Protein chains: 2
Amino acid sequence: MLIAKVYITLKKGILDPQGKAVKGALHSLGYEEVKEVRVGKYIELTFEDGDLSLLKDKVDEMCKRILTNPIIEDYTFEIVEG
Amino acid sequence: MLIAKVYITLKKGILDPQGKAVKGALHSLGYEEVKEVRVGKYIELTFEDGDLSLLKDKVDEMCKRILTNPIIEDYTFEIVEG
């Protein structure tokens, strides 16, 4: 079994209201040392075993076409044995 | 600058409707090889430089108290130089 772990973040400069809200909550509970919070997504895709380099291309394609919005989001991924 | 990268996933056995929807979308676009999809959160917390082991305890506390719901979610984190 192969697992693709995809990390999606908002591009720098894109406003992150959810991150701002989390930062506010942390500050109000006394964690003033937190300077910035950015909230993104983490997606795990599970596949049967197969050709790793083919799978990499496939996952990259899925990221571009469906999983992310390339205009406002960046992504990275890694594929591990599950 | 230190950055804590927090990865939050639903515990095994907890229903993940968002993951199910993403899987459905992937299948309908021809990516039938995807067996399972789980959607989680990825949070980046930025701090000034400081004591790493103190910071680890602090981030762990934040995860338990605010960032996650320990009943249905698991989390891991790492701290890197930013």
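The values are calculated or read from the model by the stated rules, or taken from the named source; none is laboratory data. Every value quoted in this text rests on a predicted model; they were computed, and no experiment measured them. Using ideal geometry, Cβ is built from the backbone for each residue, glycine included, and neighbour counts are taken over all protein chains shown. When the accessible area is computed, the model is the full protein with side chains, heavy atoms only, and any ligands, DNA or RNA have been set aside. Shrake-Rupley method; radii C 1.70, N 1.55, O 1.52, S 1.80 Å.
Numbers below:
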item	result
Where A:N69 falls short, out of the listed (1) under 24 Å from B:E78 (Cβ atoms); (2) of a type in the set (S, T, N, Q); (3) open to solvent by 60 Å² or more (accessible area, probe 1.4 Å)	(1)
Boolean, A:F77 is surrounded by 19 or more Cβ atoms within 10 Å (Cβ to Cβ) and touching a residue at least 40 places away in the same chain (Cβ under 8 Å)	no
Near pairs, Cβ below 6 angstrom, 6+ apart or cross-chain, from region A:41-55 (modelled with pLDDT of 95 or more) to any residue that is among the β-branched types (V, I, T) and open to solvent by less than 20 Å² (accessible area, probe 1.4 Å)	A:K41/A:I8; A:I43/A:V6; A:I43/B:V39; A:L45/B:V34; A:L45/B:V37
Hey, B:V34 among the hydrophobic types (A, V, I, L, M, F, W, C), over 18 Å from the mean Cα position of the chain (by Cα) and modelled with pLDDT of 95 or more or not	yes
Filter result (of a type in the set (D, E, K, R) and modelled with pLDDT of 95 or more) within region B:66-82	B:E73, B:D74, B:E78
Wholly enclosed strands (runs of 3 or more DSSP E) of chain B bearing at least 1 residues at the interface with chain A (Cβ under 7 Å from one of its Cβ atoms)	B:2-10, B:34-47
Within region A:24-59, tally of residues that are of a type in the set (A, V, I, L, M, F, W, C), open to solvent by less than 50 Å² (accessible area, probe 1.4 Å) and touching a helix residue (DSSP H, G or I) at 6+ places or on another chain (Cβ under 7 Å)	8
